[in-house]
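Report on the following structure.
The values are calculated or read from the model by the stated rules, or taken from the named source; none is laboratory data. These numbers come from a predicted model, not from an experiment. A quick note on method: Cβ atoms are made from the backbone with ideal geometry, for glycine too, and the neighbour counts reach across all protein chains shown.
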Amino acid sequence: MSEAKPIIGHLVELRKRLLWVIAAMIVGTAICFAFVEPIYAFLVQPLADAMAAEGGSQRLIYTGLTEAFFTYLKVAFFAGVFMTFPILLFQLWLFVAPGLYRSERGAFLPFLIATPILFFAGGAAVYYVVMPQAWPFFLSFQTGAEETTLPIQLEARVSEYLDLIMTLIFAFGVCFQLPVLLTLLGKAGIVSADGLASKRKYALIITFIVAALLTPPDIVSQILLAMPILLLYEISILLIRYAAKTKKPETDIPEAP
């Protein structure tokens, strides 16, 4: 029974942290729903710009009575989660920090700070780099009656478009966590800088496979995702080498609760 108390205490603490995260996400979703139309306008702006340039229909449609309403809900939830992501990381820090050495806290904190920055950088890469390049490519398949007898025009559904955008932003945000993941594995001794450097050709192949799965099926979008990931892979190798050079023997002890 004496051994079960610490476990129960950890579970209670974890439950409290999860409740804080869920509450923050609910509040964030409610706030974002109050501003869902400006958020929607922000997300569709790249498509609107591409449609204006290509002479498209310049509208999104919905084919179900409740489709637009539930799409707004999904947009608000996604924006709320995106906005409160740092709170999740902060609660994670509060949960794990008491069990770390002083030096481990100092080593872990930069990764905690880098995680949301890289996640937001991934989302920004989708919005400002990938979409302005990808949408004109897809809109270029529209034709007029003089070319194909019957014109081919895009009539995009609002739910499909926004689902694609939110998936891309989340996928890029996760992929941009590569330096954090690899550097942590390097500090744990699971991977090494030399080992990662020797497997560059495999990393190149896997990166383009992942890019092909996550992005729209055009080579431009795949390259635009693959190149930052490969750059982050090289940065991870440098970080692991730097961490290995500055690593010191552990001499301190955990702080008393």
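When we screen 77, 138, 69 for residues that are part of a helix (DSSP H, G or I), aromatic (Phe, Trp, Tyr) and without any contact (Cβ under 8 Å) to a residue 12 or more places away in the chain, the only hit is 69.
Scanning region 20-64 for residues that are part of a helix (DSSP H, G or I) and either over 20 Å from residue 137 (Cβ atoms) or aromatic (Phe, Trp, Tyr) (or both) yields a count of 22.
Would you check which residues across region 136-153 are surrounded by fewer than 11 Cβ atoms within 10 Å (Cβ to Cβ) and within 17 Å of residue 53 (Cβ to Cβ) and list them?
So in region 136-153, the residues surrounded by fewer than 11 Cβ atoms within 10 Å (Cβ to Cβ) come out as 140-141, 145-150.
Of everything in region 136-153, those that are surrounded by fewer than 11 Cβ atoms within 10 Å (Cβ to Cβ) and within 17 Å of residue 53 (Cβ to Cβ) turn out to be 140, 141.
Only one of the numbered conditions (1) over 21 Å from residue 119 (Cβ atoms); (2) over 20 Å from the mean Cα position of the chain (by Cα) is not met by residue 223, and that is (2). Would region 135-153 turn up any residue that is among the small types (Gly, Ala, Ser) and at pLDDT 85 or above? Among the residues of region 135-153, not one is among the small types (Gly, Ala, Ser) and at pLDDT 85 or above, which makes the answer no. Inspection of region 97-115 finds no residue satisfying the criterion of being surrounded by fewer than 18 Cβ atoms within 10 Å (Cβ to Cβ), closer than 30 Å to residue 53 by Cβ and not polar (S, T, N, Q). Applying the condition of being touching a residue at least 40 places away in the same chain (Cβ under 8 Å) and out of contact with any helix residue (DSSP H, G or I) (no Cβ under 9 Å at 6 or more places or on another chain) to region 141-168 and asking which residue is nearest to residue 81 (Cα to Cα) yields 164. Of the residues making up region 191-233, just one is under 14 Å from residue 180 (Cα atoms) and surrounded by fewer than 14 Cβ atoms within 10 Å (Cβ to Cβ), namely 231. Taking region 87-109 as the range and being under 18 Å from the mean Cα position of the chain (by Cα), closer than 20 Å to residue 178 by Cβ and free of Cβ contacts under 8 Å to residues at least 60 places away in the same chain as the test, only 89 passes. Residues that are assigned to a helix (DSSP H, G or I) and hydroxyl-bearing (Ser, Thr, Tyr) within region 82-112 comprise 84, 103, listed in sequence order.
If you check residue 118 against the conditions, is it part of a helix (DSSP H, G or I), crowded, with 17+ Cβ neighbours inside 10 Å, free of Cβ contacts under 8 Å to residues at least 24 places away in the same chain and touching a helix residue (DSSP H, G or I) at 6+ places or on another chain (Cβ under 9 Å)? Steps first, please.
On the way: part of a helix (DSSP H, G or I): yes; crowded, with 17+ Cβ neighbours inside 10 Å: yes; free of Cβ contacts under 8 Å to residues at least 24 places away in the same chain: no; touching a helix residue (DSSP H, G or I) at 6+ places or on another chain (Cβ under 9 Å): yes.
Judged against the criteria, residue 118 is not a match.
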